[in-house]
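Have a look at the structure below, then the notes.
The values are calculated or read from the model by the stated rules, or taken from the named source; none is laboratory data. Since the structure is predicted, the reported quantities are computational estimates derived from the model, not experimental observations. Ideal geometry is used to build each Cβ from the backbone, glycine not excepted, and the neighbour counts take in all protein chains shown. For the accessible areas, the whole protein counts, side chains as well, though only heavy atoms, and no ligand, DNA or RNA atoms are used. Shrake-Rupley method; radii C 1.70, N 1.55, O 1.52, S 1.80 Å.
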Amino acid sequence: MRLAFTFDNGRTVSHEVFERTFTIGRSADCRVTLESEHFSREHCLIEFVDGDLYVTDMNSKNGIFIN
């Protein structure tokens, strides 16, 4: 699966991910690492369960916005 992130300045970053559960954030411990002040060290958890996508905010400073 390919994830794409579009920032306020119009810059888009994409990542190829094969895991069904992974974290996104600035930390090198996250599967998807994004170097931006908009993301917390561990920003969110993404899970695919029985064809459904779940996004869990991990107490991030800026929250989560989808689409």
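In sequence order, the stretch 53-67 has phi-based couplings of 9, 10, 10, 10, 5, 9, 6, 5, 6, 9, x, 10, 10, 10, 6 Hz under the Karplus curve 6.51 cos²θ - 1.76 cosθ + 1.60, θ = phi - 60°, and Gly or Pro positions carry x. With protein chains left intact and a 1.4 Å probe, residues in the chain average 73 Å² of accessible area per residue. If the label point is 7 Å along Cα→Cβ of ASP52, which residues in the stretch 3-36 have backbone nitrogen under 19 Å from it? What the label zone holds, given the 19 Å backbone N cut-off, is 20-22. Short-range pairs are left out: with C-alpha atoms under 8 Å and at least six residues apart, the relative contact order of the chain is 22 percent.
Taking ARG11, ARG20, ARG41 as the candidate residues, the one with maximal mean-square fluctuation in a Gaussian network model of the chain, Cα springs under 10 Å, is ARG11.
Working note: Cα gyration tensor of the chain, eigenvalues times five, square-rooted, sorted largest first, giving semi-axes of 18, 14, 12 Å.
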